[in-house]
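Structure, as structure tokens:
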Amino acid sequence: MDLLDFASNSGSSEPPLLSALRTATWQRTRHGRLMSDVHTGRVLAMVSRMIQPRIALELGTFTGYGTLCLLEGLHPEGTLHTVERNDELFPLHDEFWPRAEGHGRIHRHHGEAMAVLANWDVETHGAIDLAYVDADKQGVNAQLDALLPLLSEEGWMLFDNTWWSGTLDGPDAATGPKPDALRALNERLRMDATLETVVLPVGDGLTMARKA
Ligand SMILES: C[S@@+](CC[C@H](N)C(=O)[O-])C[C@H]1O[C@@H](n2cnc3c(N)ncnc32)[C@H](O)[C@@H]1O
């Protein structure tokens, strides 16, 4: 067993509501692999519990699995904003989210991640304590630029899929808008002295960053 297998198999098991949502996602959508895996979900929940964000933002809701994980640690008076452009997924949210404690604190935005960021008014919506960036990968650098001024003093960002199945490096490295954007993101996060970054070897690569 390697370290990743050990880590994935050794923590707390997936809560029953999330197992049910995982099953429904595979049964009722054609893209179950887009959903956060169990280990990533448990890390999201743990990070959220540690930060206890008053304002959290998820870019890319999909079936709302990551949303429920983040909700676990949301401050009792907090709001969890989540952005999804595909409203065909909303019936799954509406079926599963109401079974979670504190689901009334989820605010779903139907639309484009960049539009929500562009229209975010810190005075009205609040500064963001925790952002989970998991929408279109080609847009991730623009999303980072738009997010930075909206972060609270102690705000944290999480970027998913930064390993991209290990295809970003080497002679046969993947090319195209998504891998190109992720390479640029990784390089930027590594080099930018105004940010503090750590990559967690979780799922498909989960990068945590904050303002230094
Ligand atoms: C990887 S999935 C999100 C998985 C989810 N965060 C989870 O933890 O299970 C990406 C989702 O982002 C949505 N999406 C992609 N680009 C988007 C954009 N520019 N604005 C809003 N939603 C977007 C897709 O429709 C898809 O449902």
The chain: calculated mean residue ellipticity at 222 nm from DSSP helix runs of at least 4, using -39500 (n - 2.57): -11000 deg cm²/dmol
Overall dimensions of the chain as given by Cα atoms, namely Rg and Dmax in Å: 16.4, 50
Total charge dipole magnitude, the chain, about the Cα centre, Cβ charges on Lys, Arg, Asp, Glu only, Debye to nearest 20: 240
Average Cα contact separation per residue, the range 32-211, under 8 Å, 6 or more apart, as relative contact order %: 20
Span-like helix ranges in the chain, DSSP H, alpha carbon extent 15 angstrom or more, Kyte mean at least -0.5: 16-28, 38-51
DSSP loop GluC sites (Glu not before Pro) with at most 16 other Cβ within 10 Å: longest gap in the chain: 113-212
Inter-part distance where the range 24-74 and the range 185-209 are each reduced to a Cα centre, Å: 19
Candidates Leu168, Leu147, Leu57: whichever shows maximal mean-square fluctuation once the chain is modelled as a Gaussian network with Cα springs under 10 Å: Leu168
Gaussian network model of the chain, springs between alpha carbon atoms under 10 Å - residue of Gly111, Gly170, Gly73 with greatest fluctuation: Gly170
Among Leu34, Pro149, Leu185 the positive-end extreme of the charge dipole of the chain (Cβ point charges): Leu34
Listed residue (Ser8, Thr79, Gly166) projecting farthest to the positive dipole end of the chain, Cβ model: Ser8
Approximate spin-label separation His107-Ala127, in nm, with each point projected 7 Å along Cα-to-Cβ: 1.7
Sorted by Cβ density within 10 Å, fewest first, the residues Lys178, Lys137: Lys178, Lys137
Net charge contributed by nearby residues that have their C-beta within less than 14 Å of Arg105 (K/R +1, D/E -1): -3
Extended-chain gain in nm, criterion 0.36 nm per residue less alpha-carbon gap, Glu153 and Ala7: 49.4 nm
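FYI, it's all coordinate maths here, none of it is from the lab. Not measured: the values here are computed from a predicted model. Here the Cβ is made from the backbone with ideal geometry for all residues, glycine too, and neighbour counts use every protein chain on show.
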